[in-house]
Amino acid sequence: MINAEPSGPAQVQLISGDDDVVRVRQLVRAAAVATKLSLVDQTKLVTAASELARNTLRHGGGGRAEVQPVNNGRRNGLRIIFVDEGPGIPDVDRAFADGFSTAGGLGLGLSGSRRLMDEFELVTEAGAGTTVTAVKWER
Amino acid sequence: MDRIPVLALGDVLLVSIQVDLEDQLALALQEDLSDRIVSTGAHGVIIDITALDIVDSFVGRMLATIAAVSKVLDAETVVVGMRPAVAITLVELGLPLRGVRTALNVELGLKLLREVRLGAFASAVDSRPDPTGDTSAPPDLQ
């Protein structure tokens, strides 16, 4: 479990098309600025959010993103959660391997976004969907 | 559907991406550029990404594909204006864009294209069998 207590309201964006991936990026960017993340950390966070939102759309058949400021007692951060009710990920280890792709992409979505974030948690169940929770902390 | 404008400057095509790229728009740009390279006979493509605050794996792949396709169509691609934070993020994401030429701005990009073009021409001339045994470069390159 990720130790992160909500410290502000959550914002939700539904993901059902390409334009929603853009909306998720804009929502996360605005929240990252409000959380006072550095420019490099903002860029990493928004890039990871873009990868995860695309995964939700392409692999999960759509879903939603939730963006919320959090605190772990020492630092402020931003938590992003992506939820879909798609087919789930049958082989998580393979899905995390660089270059593994089932959607014709580069296979960097999961592995790359995990590298860009400070905390990363994936819960998936065959036939029931996938939830990715990730946090970027203020330095 | 919206399109990203492709400007022709001599034998160079210039694209400046000024909007937050939707995946479909990125794919359309890829096709438009290939068509324009063939219809104009351009030898260079400059893609200005100064306005992009992120480049994710989808857009990174688009840039690499454009570079590879234009190469096959006898044009070189230079990506210019990448922000430092974007460069750091791309490398950490695992997408260092090997095979894509980059320059800091449009002016340096144009200079790089000229050098690449001259270099390619000079080596083509050098490797041509020369019955006279004259190895000096042709006057127009001196």
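The values are calculated or read from the model by the stated rules, or taken from the named source; none is laboratory data. Source: prediction; values computed, not measured. Ideal geometry is used to build each Cβ from the backbone, glycine not excepted, and the neighbour counts take in all protein chains shown.
Would you mind telling me which numbered condition in (1) more than 23 Å from A:Lys44 (Cβ to Cβ); (2) in contact (Cβ under 8 Å) with a residue 24 or more places away in the chain B:Lys71 fails?
That leaves (2) as the condition not met.
Can you name the residue in segment B:41-63 that is in a strand (DSSP E or B) and among the β-branched types (Val, Ile, Thr) and is also farthest from the other protein chains (Cβ to nearest Cβ) among such residues?
By that ranking, first place goes to B:Ile46.
For segment A:99-114, state whether one or more residues are at pLDDT below 95, under 17 Å from the mean Cα position of the chain (by Cα), over 21 Å from B:Val91 (Cα atoms) and within 12 Å of another protein chain (Cβ to nearest Cβ).
Scanning segment A:99-114, I find no residue that is at pLDDT below 95, under 17 Å from the mean Cα position of the chain (by Cα), over 21 Å from B:Val91 (Cα atoms) and within 12 Å of another protein chain (Cβ to nearest Cβ), so the answer is no.
Find the helices (runs of 4 or more DSSP H) located wholly in segment A:1-97 whose residues include 3 or more that are modelled with pLDDT of 95 or more, and list them. Walk me through it before giving the result.
Details: elements: A:18-34, A:39-58, A:92-95.
Ranges flagged: A:18-34, A:39-58.
In contact (Cβ under 8 Å) with a residue 60 or more places away in the chain and within 14 Å of another protein chain (Cβ to nearest Cβ): which single residue out of A:Leu27, A:Leu45, A:Leu57, A:Leu39 fits that description? Break it down stepwise before answering.
Working: A:Leu27 fails: in contact (Cβ under 8 Å) with a residue 60 or more places away in the chain; A:Leu57 fails: in contact (Cβ under 8 Å) with a residue 60 or more places away in the chain; A:Leu39 fails: in contact (Cβ under 8 Å) with a residue 60 or more places away in the chain.
Of A:Leu27, A:Leu45, A:Leu57, A:Leu39, the one residue that is in contact (Cβ under 8 Å) with a residue 60 or more places away in the chain and within 14 Å of another protein chain (Cβ to nearest Cβ) is A:Leu45.
So which residues in segment B:76-93 are more than 17 Å from A:Val46 (Cβ to Cβ) and either touching a His at 6+ places or on another chain (Cβ under 9 Å) or at pLDDT below 95 (or both), if there are any at all?
Of everything in segment B:76-93, just one residue is more than 17 Å from A:Val46 (Cβ to Cβ) and either touching a His at 6+ places or on another chain (Cβ under 9 Å) or at pLDDT below 95 (or both), namely B:Glu76.
State all residues of segment A:1-26 that are aliphatic (A, V, I, L, M) and under 16 Å from A:Thr133 (Cβ atoms); if no residue qualifies, say none.
A:Met1, A:Ile2, A:Ala4, A:Ala10, A:Val12, A:Ile15, A:Val24 - these are the residues of segment A:1-26 that are aliphatic (A, V, I, L, M) and under 16 Å from A:Thr133 (Cβ atoms).
Scanning segment B:88-107 for residues that are within 30 Å of A:Arg115 (Cβ to Cβ) and in a helix (DSSP H, G or I), which turns out farthest from the other protein chains (Cβ to nearest Cβ)?
B:Val91
Right, B:Val38: farther than 30 Å from A:Leu45 by Cα, touching a residue at least 24 places away in the same chain (Cβ under 8 Å) and away from chain A (no Cβ under 14 Å) or not?
yes
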